[in-house]
Amino acid sequence: MASGGGYSRHSSSGAPSRLSTKIDRQNSGAYATPKASAKSRIPASPSTGTGFRRSSSGPLPAQPRASADAGVPGRVRVAVRLRPRNSEELAADADFGDCVELQPELKRLKLRKNNWESETYEFDEVLTEFASQKRVYEVVAKPVVESVLEGYNGTVMAYGQTGTGKTFTLGRLGDEDTAARGIMVRAMEDILADVSLETDTVSVSYMQLYMETIQDLLDPANDNIAIVEDPKTGDVSLPAATVVDVRDQKSFVELLRVGEQHRFAANTKLNTESSRSHAILMVHVRRTVKGRQDMDMSYRGENGHHTSSHSLRPPVIRKSKLVVVDLAGSERIDKSGSEGHTLEEAKSINLSLSALGKCINALAENSPHVPVRDSKLTRLLRDSFGGTARTSLVVTIGPSPRHRGETASTIMFGQRAMKVENMVKLKEEFDYKSLCRRLDIELDKLIAENERQRKYFEDEVERLRVEAQKRIAEAEKSCKIALENEKTKYQQDYMDSIKKLEEKWKVNQQAIEKSRAEQESRTATKSDELLEVRNMLENEKNLRQSSQDEIIDLRNQVQHWKKLEESRGAEIVKLRKLLDTEASQKEKLEEEIAVLKSQLLQLSLEAEETRRSLDRGASGKIFPGLDSLMSQANRNLQLRDQTNGPKPPIAKLFEQVGLQKILSLLESEDADVRVHAVKVVANLAAEEANQEKIVEAGGLTSLLTLLRSSEDETIRRVAAGAIANLAMNETNQEMIMAQGGVSLLSMTASDAEDPQTLRMVAGAIANLCGNDKLQARLRGEGAIKALLGMVKCGHPDVLAQVARGIANFAKCESRAATQGNTMGKSLLIEDGSLPWIVKNANNEAAPIRRHIELALCHLAQHEVNAKEIINEGALWELVRISRDCSREDIRMLAYRTLTSSPSLQAEMRRLRIELN
Ligand code: ADP
Ligand code: MG
């Protein structure tokens with residue numbers, strides 16, 4: 001039998017290998033016949049020889065199933081299935097018995113020739129009319145399906161007369177009744193249950209072959225599919241057929257339903273549902289085989305790391321195919337009664353099936369020629385009969401004796417098929433694509449690793465280079481230093497040895513000289529002289545030693561004294577500091593005392609007032625009229641003191657009492673009367689109109705007498721106030737001066753305790769200071785000193801009067817200077833007023849400040865005073881006044897004064913003071 005042309009097996013030795021990687025391994029499984037050869041297909045052993053041959057009559061020798069199976073595991077297995085009588089047969093053939101009799105336990109079938117004769121046939125399975133669909137699947141198809149799942153090709157086929165149940169057996173969907181499901185549905189169920197959808201794929205094509213044309217049942221428009229054969233392997237495929245991936249049972253059943261709807265169905269007389277076409281379902285199973293590590297190789301990187309342990313062997317893929325063929329009815333065309341067909345058509349319709357019969361005959365008879373190429377069906381099923389597939393055939397028969405002939409021919413077909421032996425083969429191939437992908441990934445990893453390694457090595461080399469350079473530099477440096485040291489050491493040694501030589505030479509020289517001298521002295525001097533000299537030398541030495549000791553001792557003493565002095569110096573500094581703090585505290589206390597004094601004065605004044613008012617309540621016995629008059633005058637005086645209110649009519653006083661009388665009361669025995677009288681006089685003296693009369697009547701003299709003689713300060717204060725008022729008049733001023741008023745006022749000031757007394761005295765002197773003619777005399781009688789003496793009290797009212805006095809005096813001095821009556825340096829300055837002036841030039845009390853500012857301006861106008869002004873720091877005050885004084889006239893006066901004085905100008909230039 002030619003391996004290329006017929007249903008020949010591809011033996012591993014005979015078949016040309018298509019690819020070196022394709023592995024054709026003979027199946028070593030339960031159904032395989034590893035040693036099977038073309039010849040072994042014909043059963044040689046007696047058991048198989050008789051067991052699978054049709055026996056014409058009589059019982060077949062009992063054959064143990066196992067041995068029969070074991071003997072021909074690659075053989076086409078054939079089962080026969082009997083359909084139960086249908087309703088028509090039940091009615092029409094009621095009087096006739098079935099044409100077949102089944103002996104399922106013996107797997108035999110008896111075909112009645114007539115009432116007395118029958119022939120017995122043995123099959124691999126005999127399925128009675130009661131056989132369930134499940135059992136039929138398990139017996140006929142399940143071994144093939146299992147085999148397909150293991151990687152072998154498989155074929156399940158139904159052959160039989162139309163209406164005998166081929167479609168029932170293979171194609172029932174079992175929509176209503178699950179038990180009715182046919183082989184196709186059950187096979188797919190088993191396949192889907194076994195495969196892993198992650199690594200395996202299941203896909204189907206469904207087509208029909210009719211009149212030598214293959215139509216796609218999943219795509220009816222695709223109605224002429226070509227069969228493609230691999231010229232080398234002879235593998236048959238239908239590339240144009242629709243292939244649908246199946247992932248679940250439901251979608252597969254749906255595919256079958258769609259295919260069924262498309263299936264060309266020709267009605268025949270025999271059965272309205274029967275078909276003259278062959279339905280072919282192809283299920284492609286592609287599985288990845290796991291756990292094959294036998295060819296693993298691993299790669300060890302240069303660094304010794306185990307970079308990968310992946311297998312370099314490509315994954316093994318097993319591709320297998322289950323073909324389920326629902327053949328067209330096996331009855332002859334003319335008998336089918338399809339009158340519509342022409343003879344050619346009828347031939348064509350029957351061609352495939354008769355070609356199949358011929359091939360099976362040829363194979364069964366081991367004929368050298370198997371006409372595979374005669375039809376499309378035989379070309380398609382090339383692998384199923386005499387090929388590498390595991391094939392199971394179910395022949396379906398009906399019970400009716402009317403179709404006995406057809407039944408017989410069906411049985412004979414099955415019998416012949418049982419003789420066909422296949423060489424079941426496993427088809428594995430390597431999945432080079434995925435291996436290639438994996439290797440690419442591996443390669444990329446290695447490249448990256450290599451790159452990293454290279455970078456690492458480069459870095460390492462660089463690091464080592466740098467380190468080496470560093471070490472070389474260090475070594476060079478240390479060498480240089482060592483050499484240098486060595487050199488200096490040798491130089492030193494050299495110098496030392498030269499020195500030593502020189503010294504030796506000197507010593508030698510001295511020794512020579514000494515010996516020479518000794519020789520000379522030995523001859524010239526006596527030995528006792530030498531001794532004396534030596535003693536003297538010794539003495540000298542001792543003296544020197546003691547003086548040196550003394551020097552050291554003295555030095556130590558000096559050091560000691562120095563230290564003592566230092567510590568004393570520190571103590572002195574400390575004490576000085578203490579002294580300073582004491583002084584500042586003293587100053588503060590003095591200030592406080594001044595404040596307290598003024599407060600005390602205030603309080604005593606208030607007390608005096610209170611006493612006075614109390615006195616007023618008790619007096620008035622002697623001069624009741626005067627008393628009331630006095631109190632009124634008193635009030636007026638007080639009023640005048642504080643306000644500038646209207647003056648009371650004094651004429652009344654003169655009319656009622658008379659000036660003489662009032663003045664006489666100043667000398668009264670009664671102190672109270674004296675007090676009241678002096679107050680009245682003072683009140684009268686406040687009126688300019690009265691002043692002349694008072695002076696004419698001897699009032700001034702009386703007042704001065706009071707000032708001199710009175711023990712009572714109130715009297716002195718009021719008297720001083722009266723004198724101050726009288727001193728406003730120029731004539732009176734002369735008189736006051738003539739009667740020694742200034743001396744009296746100065747005395748009063750030195751005795752006074754009440755600041756108001758001082759205020760009156762200061763006011764009186766201030767008035768006198770405004771007289772140009774009295775300057776020298778005033779100064780001579782101590783008026784300036786008296787004014788400056790009063791500032792001690794610190795009361796602002798007193799200070800204001802003092803400032804006014806000084807300002808008046810300064811004004812007169814400057815007037816005298818401008819009129820050419822220059823007297824030389826200012827008397828004010830000579831009497832030491834300038835420090836107080838400078839100190840109070842910026843006093844916060846406006847009256848004091850104004851007078852002093854004016855005084856300063858007047859003093860500065862006289863060039864003779866410039867030096868003093870500068871030395872005492874008054875220049876700064878003048879500058880300040882010229883800049884900041886709130887009164888414009890004074891500000892302008894200061895400015896003019898500063899700009900007109902050459903000395904002050906020069907000083908300001910020196911100090912870089914600029915007026916704005
Ligand atoms: P075929 O496909 O061989 O032409 P079918 O499968 O169409 O025959 O069967 C013809 C008729 O017989 C159908 O109505 C079917 O239901 C019925 N039939 C076939 N086999 C059996 C069986 N084993 N049991 C019951 N009914 C059957
Ligand atoms: Mg059918």
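The values are calculated or read from the model by the stated rules, or taken from the named source; none is laboratory data. Everything numeric here is computed off the predicted structure, so don't read it as measured data. We place every Cβ from the backbone using ideal geometry, glycine too, and count neighbours over all the protein chains shown. Side chains are part of the model used for accessible areas, which takes the heavy atoms of the whole protein and leaves out ligands, DNA and RNA. Shrake-Rupley method; radii C 1.70, N 1.55, O 1.52, S 1.80 Å.
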_In nm, spacing of pseudo-spin labels at residue 478 and residue 525 (7 Å Cα→C-beta vector)_ = 6.5
_Quick check: with the 1.4 Å probe, what order do 746, 132 take by accessible area, largest first?_
132, 746
*Heavy atoms only, probe 1.4 Å: what % of the accessible area of region 792-840 goes to carbon and sulfur, would you let me know?*
49
*Which order do peptides 231-240, 462-471 fall in by mean Cβ count within 10 Å, highest first?*
231-240, 462-471
*Of 142/358; 358/419; 134/319; 586/792; 113/134, which pairs sit farther than 20 Å apart, going by alpha carbon to alpha carbon?*
142/358; 134/319; 113/134
*Can you list residues whose amide H is under 5 Å from residue 80's amide H, if they're 5+ apart or on another chain and H is modeled 1.01 Å from N?*
125, 126, 127, 395
*How large is ³J(HN,Hα) for each residue in region 145-161, as worked out from phi by the Karplus curve 6.51 cos²θ - 1.76 cosθ + 1.60 (θ = phi - 60°), to whole Hz, x for Gly and Pro?*
4, 4, 5, 4, 5, 7, x, 9, 6, x, 9, 10, 9, 10, 10, x, 5
*In terms of Cα to Cα distance under 22 Å, which lysines are near enough to residue 455, apart from those fewer than 8 places away along the same chain?*
445
*Hey, what's region 792-906 come to in accessible area per residue, 1.4 Å probe, Å²?*
43
*Per residue, how much accessible area does region 676-767 have with a 1.4 Å probe, in Å²?*
33
*Ranking by accessible area, most exposed first, for 792, 113 with a 1.4 Å probe*: 792, 113
*Can you work out ³J(HN,Hα) from phi for every residue in region 827-835, in order, using Karplus 6.51 cos²θ - 1.76 cosθ + 1.60 and θ = phi - 60°, giving whole Hz and x for Gly and Pro?*
5, 4, 5, 4, 7, x, 7, 4, x
*asked:* So with the 1.4 Å probe, I'd like the accessible area per residue for region 470-535, rounded to whole Å².
replied: 100
_Gain upon complete extension [residue 436, residue 470; 0.36 nm per residue less C-alpha separation]_ = 7.2 nm
*Near residue 661, which lysines are there with a Cα under 17 Å away, not counting those fewer than 8 places off in the same chain?*
652, 679, 693
_Heavy-atom accessible area order for 758, 575, largest first, 1.4 Å probe_ = 575, 758
*What does the accessible area of residue 243 come to, in Å² to the nearest 10, when a probe of 1.4 Å is used?*
80
*Multiply the residue separation of residue 845 and residue 134 by 0.36 nm, subtract the distance between their alpha-carbon atoms, and state the gained length in nm to one decimal.*
242.5 nm
*For a quick protection proxy, order the peptides 401-407, 708-714, 157-163, 450-456 by their average other-Cβ count within 10 Å, most packed first.*
157-163, 401-407, 708-714, 450-456
*Expressed in nm to one decimal, what extension gain is obtained for the pair residue 452 and residue 821 from 0.36 nm per residue of sequence separation less their Cα-Cα distance?*
121.4 nm
*Could you state how much accessible area residue 284 has, in square angstrom rounded to the nearest 10, with a 1.4 Å probe and all protein chains kept in place?*
60
*What accessible surface, in Å², does a 1.4 Å probe find on residue 168, ignoring ligands, DNA and RNA and rounding to the nearest 10?*
90
*Mind giving me the nanometre distance, one decimal, between the label points for residue 506 and residue 660, set 7 Å out from Cα along Cα→Cβ?*
12.8
*Just tell me which lysines come within less than 20 Å, Cα to Cα, of residue 811; anything on the same chain fewer than 8 places away is out.*
773, 785, 825, 839, 867
*asked:* Just to be sure I understand the model, the point goes 7 Å from the Cα along the line to the Cβ. What's the resulting residue 668 to residue 591 distance in nm?
replied: 4.7
*Looking only at region 788-821, which residues have a backbone nitrogen under 19 Å from a spot 7 Å from the Cα of residue 880 in the C-beta direction?*
796, 799-800, 803-804, 807
*Solvent-accessible area, 1.4 Å probe, carbon plus sulfur percent, for region 658-713*: 44
_Fraction of accessible area attributable to carbon and sulfur, region 506-560 (%, probe 1.4 Å)_ = 52
*Go through region 359-369 residue by residue and turn each phi into a ³J(HN,Hα) via Karplus (6.51, -1.76, 1.60, θ = phi - 60°); whole Hz please, and just put x for glycine and proline.*
4, 5, 4, 4, 5, 5, 8, 6, 5, x, 10
*Quick one: of 477/500; 166/232; 232/321; 376/425; 110/347, which pairs are farther than 28 Å apart, Cα to Cα?*
477/500; 166/232; 110/347
*Suppose R0 equals 30 Å; then what is the FRET efficiency for residue 261 and residue 190 from their Cβ-Cβ distance, rounded to the nearest 0.05?*
0.75
